[in-house]
Every structure is written in structure tokens, then in C-alpha cells.
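Below: one structure, written as C-alpha cells.
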Amino acid sequence: MNWLSDALGYAKERLMTETRTIRGVSVAVYNTRPDIETSRVFERLDGALGVIERYQPHRLRRFRHDVAGIVVRRFPCRAAFFGDTRQCLIELTFAGGGQFSDAQVAASIVHEGVHARLLAMGLAGHPGWEAREERLCRKAELELGLAVPDGQAVVERALATLTLDDVE
């Protein structure tokens, strides 16, 4: 019966999925939360990608090249990059919940875009290099935060993590 429950779960998820192309990026939203409007998630991603397009257009160009698309769904962190599928995941409540600014969502997209760029260049996934890779991602967030008018929360978060030890 496990295959049946898996199939039903997959079918249900497919019914809750909407896809669009936003600023040249394929976006799929798997909305399992009745309190979050899918249209709001698409608006937030348009705003976040717009921040990147306006203040760091080179990063959006690279993102379009290095990433197959954005998937929005529930997940235990704000964002992630999956190298095997080249998908950038943005957490559903982070994108659609309303507590975070477009700049904060954009910073997570930029962060995951750096992971994608490093993978495309053959520089990701080397043992012992994880902390350095994360620092490169946080520095990209910091650069974005300093470039946008409402980037203070992005700057604070990036600076706080840049001071951590490698194991942290």
C-alpha cells in the first residue's frame, strides 16, 4: 500500500501546483497552506527577482543560466539549491507569509545562485570547502543588502553569519 499512498500524495501535490515564468525564471509553487495565497507568492518572487534585476542584473543573468528554475514549497529552511536537478528551492511561508521583505527573499535567491554558479564552474562540493562556499554566498548577500535601499536586515544577517567559525 505504500506505492498507493505515494501515488495519491503525488497526485494531490500536482493538483496544488501552479507554474509561471517570472522575469525569465521558471517558478513552480506547491502550495499546501490554505492561509497563503499562491498569487501572493508569485508577486513576492516577482518583487524579489525585480530587486536583483535592478540592483545586480549580472546575478540574475547568471541565475537564469545556472538554475533550471525555482520551486516553492514547505521546507525546513528559507532556501536551498539542489545540484542534481539545478533547482532553487524557496520555502513557501518565507516567500508568501508576509514577514520578510523582497530584499530578504532576493538575498536568499542570490545566495542559492552562488551555489549554482560554483557548481557550474566545477568549484562546489569539494571536501573541506563547505565553509568557504557559504562565505562566498553570504558575501553575495551582503553586497546585495548594501546595494538596495531597504537592505538593512539582509546586511545584518549576512554580517552575523560571516563572523561564525567554519564549524558553525
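The values are calculated or read from the model by the stated rules, or taken from the named source; none is laboratory data. These figures come from a predicted structure and were not determined experimentally. A quick note on method: Cβ atoms are made from the backbone with ideal geometry, for glycine too, and the neighbour counts reach across all protein chains shown. The protein model used for the area step is the full one, side chains on, heavy atoms only, and it has no ligands, DNA or RNA in it. Shrake-Rupley method; radii C 1.70, N 1.55, O 1.52, S 1.80 Å.
Data for the structure
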{"quantity": "Accessible area of the range 27-101 divided out per residue, in Å², using a probe of 1.4 angstrom", "calculated": "47 Å²"}
{"quantity": "Alpha-carbon Rg with Dmax, taken over the range 75-168, Å", "calculated": "13.2, 37"}
{"quantity": "Under 5 Å, built H, 5+ apart or other chain: amide partners of Phe100", "calculated": "none"}
{"quantity": "Rel. contact order, % - alpha carbon contacts under 8 angstrom, at least six apart, the range 93-157", "calculated": "37 percent"}
{"quantity": "Total charge dipole magnitude, the chain, about the Cα centre, Cβ charges on Lys, Arg, Asp, Glu only, Debye to nearest 20", "calculated": "480 debye"}
{"quantity": "Hz values of 3J(HN,Hα) by residue in the range 29-38 - Karplus curve (6.51, -1.76, 1.60), Gly and Pro given as x", "calculated": "10, 9, 9, 9, 10, x, 8, 10, 7, 4"}
{"quantity": "J(HN,Hα) series, the range 75-90, from Karplus relation 6.51 cos²θ - 1.76 cosθ + 1.60, nearest Hz, glycine and proline x", "calculated": "6, x, 8, 4, 7, 7, 10, 10, x, 5, 10, 6, 9, 9, 9, 10"}
{"quantity": "Net charge of neighbours whose Cβ lies under 11 Å from the Cβ of Leu45, counting Lys and Arg as +1 and Asp and Glu as -1", "calculated": "+1"}
{"quantity": "Estimated vicinal HN-Hα couplings, Hz - the range 121-138 in sequence order (Karplus 6.51, -1.76, 1.60; Gly, Pro = x)", "calculated": "8, x, 9, 9, x, 7, x, x, 9, 4, 5, 5, 4, 4, 5, 4, 5, 5"}
{"quantity": "Relative contact order, percent, the range 58-168 [alpha-carbon distance under 8 Å, six or more residues apart]", "calculated": "22 percent"}
